[in-house]
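What follows is a single structure, written as structure tokens, with notes after it.
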Amino acid sequence: MMVKKRKIALVLSGGGARGIAHVGLLKALNDNGIYPKEISGTSMGAIIGLLYAAGLSPIEIINKIEELKFYDLISSFGKIRKRSLDILYPIIKKAIGVTRFDQLEIPLHIAVSNVNYGRAEMISKGDCIHAALASASIPFVFRAYSNGSMDFVDGGLLNNFPIDPFLGSDYSIIGCDVNYLGFVKDTNRMLPYIERTIRMALFQNVRIRERLCDFLLEPKDIGEYTSFDFKSARKLFEIGEKDALNNMDQLKAAIDKENNKKDQQHCLKELLKADQIVEEREF
């Protein structure tokens, strides 16, 4: 059954390979007649948001991820660690056929971390591919991403849940965080241990933003996967779709309600001014 048309804004967290679950969420939403009018994303959420905003369907996105073998492109530490993610630019350009934010079918906002100014910023003008790749440039894994005058790293470092563009708006805000922090018994393996402690450090910054969503999806089955499990792309896609479908009735009810969080959203918006989040930077 089609839900009545509402203005929906979608917030997609970072999370590396776990961000592929966002594609499953998008499929579930579309299959239920729900289409976002604007999207914001960080890191992998920015890349998935870019592909969708450019007009690719969720099925086309997951097929493209598998076809391009992202696990070969991104997980090859020894080959890419000292290189910028701009090596992916021509691949994404070929996939979506556009390069500018104003060419996208859906407005998109991308969170990045500006190394020179030491602050979080939002990008919504200029080259959307460069912005998305800058947002996904994990420190110490990839080189900082340069626009010629400044350097940028992973947006999730300072803003892993960029609800900021929609605070105080009339949108019904749906968020998806793919960084569930459940109980973990084994903390002896080095890579999962490092990644988990980073996610713990980001948690409080993220949680205050998540509470202002009209509905938040946080797939719990995703916790066992790391940021570099791109070989599990199809499984991660299915987890995202299944979680969204299991919560679809509550999600529909939430987006049909009047926004009762505007006061809280305005308060956070004022507080975030101290973070100097820049909306109008052009990449």
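The values are calculated or read from the model by the stated rules, or taken from the named source; none is laboratory data. Values in this document were obtained by computation on a predicted structure and should not be read as measured data. Methodologically, a virtual Cβ is constructed for each residue, glycine included, from the backbone with ideal geometry; neighbour enumeration extends over all protein chains shown. Only protein heavy atoms, including side chains, enter the accessible area calculation; ligands, DNA and RNA are left aside. Shrake-Rupley method; radii C 1.70, N 1.55, O 1.52, S 1.80 Å.
What does the charge count near C176 come to, summing +1 for each Lys or Arg and -1 for each Asp or Glu among other residues with Cβ under 9 Å from its Cβ?
The answer is -3.
What do you reckon, how do I106, I91, I48 stack up by accessible area (1.4 Å probe), largest on top?
I91, I106, I48
Separation of the range 6-30 and the range 91-119 by C-alpha centroid, Å?
What the calculation gives is 16 Å, centre to centre.
Whole-Hz ³J(HN,Hα) for each residue in the range 57-65, computed from phi via Karplus 6.51 cos²θ - 1.76 cosθ + 1.60 with θ = phi - 60°, x for glycine and proline: what do you get?
6, x, 5, 5, 5, 5, 5, 5, 4
Provide the per-residue ³J(HN,Hα) series for the range 210-222, in order, calculated from phi with Karplus coefficients 6.51, -1.76, 1.60 and θ = phi - 60°, each as a whole number of Hz, with x at glycine and proline positions.
Using θ = phi - 60°, the values come out as 4, 5, 9, 6, 6, 8, 10, 9, 9, x, 7, 6, 8 Hz.
Mind ranking 124-131, 26-33 by how tightly packed they are, going by the mean number of other C-beta atoms within 10 angstrom, highest first?
Listed from highest to lowest mean packing, they are 124-131, 26-33.
With a 1.4 Å probe and every protein chain left in place, tell me how much accessible area T197 has, in Å² to the nearest 10.
60
Which net charge results for the neighbourhood of K93, defined as the other residues with beta-carbon distances under 15 angstrom from its beta-carbon, given Lys and Arg at +1 and Asp and Glu at -1?
Once all neighbours under 15 Å are counted, the net charge is +1.
Would you grab the residues whose amide H sits under 5 Å from the one on K125? Only those 5+ places off in sequence or on another chain, please, with H modelled 1.01 Å from N.
F283
Under 10 Å from the Cβ of E241, count the other residues' Cβ atoms, weight Lys and Arg +1, Asp and Glu -1, and hand me the total. Provide the component values of the computation, followed by the final result.
Details: positive: K27, K242; negative: D31, E238, D243.
Within the 10 Å Cβ shell, the charges total -1.
Grab the Cα-Cα distance for A254 and S57, subtract it from 0.36 nm times how many residues apart they are, and report the gain in nm with one decimal.
Length difference between fully extended and current span is 68.5 nm.
Counting only pairs 8 or more places apart or on different chains, how many lysine pairs in the range 22-177 have C-alpha atoms closer than 26 Å?
Here the count comes out as 24.
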